[in-house]
Amino acid sequence: MTRPPHVLLDVEGTTTPVEFVTQTLFPLALERLGPYLAAHRDDPQVQAHMAQLRSSWEAEDAASGRPGWIGAVDDPWAASTYAAWLTRQDRKLTALKALQGLVWADEYRSGRLVAPVYDDVAPALERWARRGAPASIFSSGSVLAQRLLFEHTSSGDLSHLLGEHFDTTTGPKREAMSYTAIAQRLALAPHDMLFVSDTEAELEAARAAGMQTALCLRDGATDAHGAGRHRGVESLSPLG
């Protein structure tokens with residue numbers, strides 16, 4: 001019997017509605033980041049992330065429209081202003097993602113924040129876990145943000161049903177080398193893996209690395225071109 005592929009999942013638009021990320025998580029991080037940095041500016045981890053933000057700011061082209069950096073190099077309000085600009089630019093800077101995750105951690109653990117997941121997600125994760133091959137996650141959100149989301153979902157704590165987590169420290173989601181690295185980390189051949197995402201460019205990168213692919217078409221979304229090159233699915237139910 002052919003062994004089912006190991007499932008690698010995107011998050012936004014695949015397990016979780018895009019609107020939760022764009023309309024809840026990002027605005028919350030923008031609102032809370034400045035106060036969070038001010039309250040934790042002596043934390044070595046926070047200092048390291050702020051230093052990376054400053055280095056990124058210094059490397060920006062002057063014509064990029066970046067905001068000014070007013071105050072000290074480690075000024076939390078200047079850092080939060082630049083972080084807000086990066087967010088509006090949809091930049092995937094690793095330090096930004098890490099700081100967003102720290103802000104969200106406070107909100108999840110307080111009970112003020114719960115992550116919605118589609119109804120088919122928990123049953124699918126349970127099915128894959130029962131067969132001894134729990135799904136892995138690859139998201140542009142930090143590993144911390146991923147873990148927090150799946151620990152605090154509308155279907156309860158799903159974290160025990162997942163295997164490995166990967167973020168942009170592994171590599172960009174639109175580059176084949178990232179998927180090659182993930183397969184190596186999992187000690188699997190790429191052709192024994194199935195990557196599920198709602199973004200065609202990510203699926204193209206995974207396919208270039210040798211993975212099987214499925215295009216997630218949620219909420220009535222249609223992508224005739226993408227569904228032609230990748231298996232189109234409206235839920236995780238038929239997979240694996």
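FYI, it's all coordinate maths here, none of it is from the lab. Note that this is a predicted model, so its numbers are computed, not measured. All Cβ positions, even for glycine, are placed from backbone atoms using ideal geometry, and neighbour counts span all protein chains on display.
Observations on the structure shown:
- Cβ-Cβ distance of THR94 and ALA187, R₀ of 25 Å, FRET efficiency by 1/(1 + (r/R0)^6): the value works out to about 0.50.
- Axis of helix 121-130 versus longest Cα principal axis of the chain: the two differ by about 60°, to the nearest ten degrees.
- Residues considered: PRO27, PRO190, PRO134. Largest GNM mean-square fluctuation over the chain, using C-alpha springs under 10 Å, is found at PRO27.
- Reciprocal of mean inverse Cα separation for the stretch 21-110 (Kirkwood radius, Å): 13.1 Å
- Between ARG3 and MET177, the simple label model (points 7 Å from Cα in the Cβ direction) yields a spacing of 2.8 nm.
- Linear extension gain, SER159 paired with GLN47, 0.36 nm per residue minus alpha-carbon span: 37.5 nm
- For the pair PHE26 and ALA62, a Förster radius of 30 Å applied to the C-beta separation gives a FRET efficiency near 0.70, rounded to the nearest 0.05.
- Under-5 Å amide H pairs with PHE166, H placed in peptide plane, nonlocal only: ILE137, PHE138, SER139
- In sequence order, calculated HN-Hα J values of the stretch 76-86 (Karplus, 6.51, -1.76, 1.60; Hz; x Gly/Pro): x, 6, 5, 4, 5, 5, 5, 4, 5, 5, 4
- Over 32 Å [Cα-Cα, the chain], rounded percent: 24 percent
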